[in-house]
1. For the stretch 1-41, name all the residues that are over 12 Å from the mean Cα position of the chain (by Cα), in a strand (DSSP E or B), hydrophobic (A, V, I, L, M, F, W, C) and farther than 15 Å from residue 53 by Cα.
2. Read through the list (1) more than 23 Å from residue 14 (Cα to Cα); (2) touching a Ser or Thr at 6+ places or on another chain (Cβ under 6 Å), then give the number of the only condition that residue 94 fails.
3. What number of residues within the stretch 42-66 are under 15 Å from residue 119 (Cβ atoms) and either aromatic (Phe, Trp, Tyr) or part of a loop (DSSP other than H, G, I, E, B) (or both)?
4. What pairs come up if the first residue lies in the stretch 62-89 and is touching a residue at least 24 places away in the same chain (Cβ under 8 Å) and among the basic types (Lys, Arg), the second is exposed (fewer than 14 other Cβ atoms within 10 Å of the Cβ) and in a strand (DSSP E or B), and their beta carbons are under 9 Å apart, counting only those six or more places apart or on different chains?
Amino acid sequence: MNSEIATKQAPEAIGPYSQGIIAGEYVFVSGQLPVNPKTGCVEYDTIEGQAKQSLENVSAVLKEVGLTLKDVVKTTCFISNMDDFVTFNKVYSEYFTGTCPARSCIAAKELPKKVLCEVEVIAHK
C-alpha cells in the first residue's frame, strides 16, 4: 500500500499530485519547484538561487519521512536552459556529496511558473 507524504516545509502541490509517495522501500518525491514554502513565491531569479531552493524543498519532503539526500538513488533534473548546466551542477554538487545518485538532466522548453529548474528524486529507505 502506498502512503502520501505531506509537509508544510515544502511547497504545496500546484496540481492533482502529492509532494511524494512511499511505495514499499522506495520514496518518490514529485518535482520540486524553487518556491519558498513560507511565502508561496519564487524568490530567486538566478539558477543558483532556484537550484538551492528546489533542492531544499526535496530535502524537506525526504525529512518528513526520516530520510536525507544521502538516501537518494536517482534524480531527474529539469532546467529551462542548457546554458545553465554548469552552474546548476555546481549547486547540485553542494547537496550531493560522496557517492552521487544516478541522474538525468534535461532541458525543458518551459517549466511551471516559468522557473529555471525543477528536481525530482527517488530515495531508498
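Only the coordinates and a few stated rules stand behind these numbers; no lab work does. Just so we're clear, the structure is a prediction, and the values are computed from it rather than from any experiment. So basically every Cβ, Gly included, is an ideal-geometry build from the backbone, and we count neighbours across all protein chains shown.
1. Going through the stretch 1-41, the residues over 12 Å from the mean Cα position of the chain (by Cα) turn out to be 1-9, 12-18, 21-27, 36-41.
This time we only want the ones that are in a strand (DSSP E or B), so: 3-5, 21-23, 26-27, 36, 41.
Now drop any that are not hydrophobic (A, V, I, L, M, F, W, C), which leaves 5, 21-23, 27, 41.
Across the stretch 1-41, the qualifying residues are 5, 21, 22, 23, 27.
2. (2)
3. Going through the stretch 42-66 one residue at a time, the tally reaches 1.
4. Close Cβ pairs satisfying both conditions: 74/102; 74/104.
For every residue, the table says whether it meets (1) within 10 Å of the chain's Cα centre (by Cα); (2) among the aromatic types (Phe, Trp, Tyr).
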| site | (1), (2) |
| --- | --- |
| 53 | yes, no |
| 58 | yes, no |
| 73 | no, no |
| 77 | yes, no |
| 87 | no, no |
| 92 | no, yes |
| 95 | no, yes |
